[in-house]
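The values are calculated or read from the model by the stated rules, or taken from the named source; none is laboratory data. What you are looking at is a predicted structure, and each value in this text was computed from that prediction instead of being measured. When we count neighbours, we look across all protein chains shown, and the Cβ atoms used for this are built from the backbone with ideal geometry, even at glycine. Heads up: the accessible areas ignore ligands, DNA and RNA and are worked out on the full protein's heavy atoms, side chains in. Shrake-Rupley method; radii C 1.70, N 1.55, O 1.52, S 1.80 Å.
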Amino acid sequence: MNHSQLFENIVARRSFLCIGLDSETGKIPPFLSDAEDPVFEFNRRIIDATSGFAVAYKLNVAFYECNGLKGWISLKSTLDYIRKNYPGILVIADAKRGDIGNTSKLYARAFFENMSFDAITIAPYMGEDSVGPFLAYEGKWVILLALTSNKGADDFQYHNENGTRLFERVLAVSQKWGSKDNMMYVVGATRAEMLKDIRKIVPEHFLLVPGIGAQGGSLEEVAEFGMTNKCGLLVNSSRAIIFAGNSTDFDKAAAEKAAEVQAEMERHLAGRNLI
């Protein structure tokens, strides 16, 4: 799926919503504990209920690998379920990998060959040779961490040397490695005002923007400062959608919340004559 195809999906679904399947075991409705795989059963119901409102799902690997082998089975089962039932939806491994070249080759093989994810998040700070093995896969996306919304982002990402902040150097240099068809950037929604500066450097690339909903980011501001004439945004919401309810109808509550976000996104798309 390239840049144009992703935009076509956004137009067709009238949405640029990415739903994060941060399926923390302790927050899954207790009645699912009798299922053979409670995490997968939770994910399956969330996916079935929300697939009409989303263009992407993001699976944060930490919520799965913390459960050992069972967690990896839940992860793979979820990926396979989306692939089989909703093949047009982008599936992101939020794995934040990034290591020396030969190790990155193995990570790339794991997520792109053995598990067939469409995209993976990568920490770029070991440079081009750590990112290149992921970019070698045609039709796959690398999503580089650029400007995150956590408190510790101030420790390094805003470091200014000769008038260039570190996150700006990441954006500028990394464009030599890939293109708008295989590289995105993570930019936290709680730093939405920085999107104006980011768009000066990467005017056409898609941005994966976490942080709306439970983290307090503003979709209005993200759309105002970050949207391009091809949308250029995948805005992620996790907890606010998947844990909107905790009863036997938790999936309906998730669908209602996803529909609310999609409706707001549709308004922004229409306001810019993109749909």
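Laid out as a table, the results:
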{"quantity": "Cα-Cα P(r), segment 73-169, percent of pairs per 10 Å interval", "calculated": "15, 40, 29, 14, 2, 0"}
{"quantity": "Descending semi-axes in Å of the chain, equivalent ellipsoid built from Cα gyration tensor", "calculated": "28, 23, 17"}
{"quantity": "Pair N150, V11: separation of 7 Å Cα→Cβ label points (nm)", "calculated": "3.8 nm"}
{"quantity": "Subset of K27/K140; K58/K230; K27/K96 violating a 27 Å alpha-carbon distance limit", "calculated": "K27/K140"}
{"quantity": "Mean separation of Cα contacts under 8 Å, 6 or more apart, over the residue count of segment 29-138: relative contact order %", "calculated": "23 percent"}
{"quantity": "Average accessible area per residue (Å²) across segment 1-119 - probe 1.4 Å, nucleic acids and ligands excluded", "calculated": "43 Å²"}
{"quantity": "Calculated [θ] (222 nm, deg cm²/dmol) that DSSP helices of n ≥ 4 give over the chain, each run adding -39,500 (n - 2.57)", "calculated": "-12000 deg cm²/dmol"}
{"quantity": "Whole-percent carbon and sulfur share, accessible surface of the chain, 1.4 Å", "calculated": "48 percent"}
{"quantity": "Highest to lowest packing among 57-69, 136-148, scored as the average C-beta count within 10 Å", "calculated": "136-148, 57-69"}
{"quantity": "Cα convex hull of segment 200-271, projected area averaged across orientations, nm²", "calculated": "5.0 nm²"}
{"quantity": "Label-point separation, F31 to E128 (7 Å along Cα→Cβ), nm", "calculated": "5.7 nm"}
{"quantity": "Long-range HN-HN contacts of M183 with modeled amide H, under 5 Å", "calculated": "V142"}
{"quantity": "Pairwise centroid distance, computed over Cα atoms, of segment 113-167 with segment 249-263, Å", "calculated": "31 Å"}
{"quantity": "Under Karplus coefficients 6.51, -1.76 and 1.60, residue-wise ³J(HN,Hα) of segment 63-78 in Hz, glycine/proline x", "calculated": "6, 10, 5, 5, 9, x, 4, 4, x, 5, 5, 4, 4, 5, 5, 5"}
{"quantity": "Other-chain or far-sequence residues with amide H under 5 Å of G188's (modelled H)", "calculated": "L147, T148, S149"}
{"quantity": "GNM result for the chain, Cα springs below 10 Å: residue of M184, M265, M115 fluctuating most strongly", "calculated": "M115"}
{"quantity": "Beta bridges per DSSP with both ends in segment 126-239, % antiparallel, nearest 5", "calculated": "20 percent"}
{"quantity": "Two-site label geometry, R169 and T248: point separation in nm, points 7 Å out along Cα→Cβ", "calculated": "5.9 nm"}
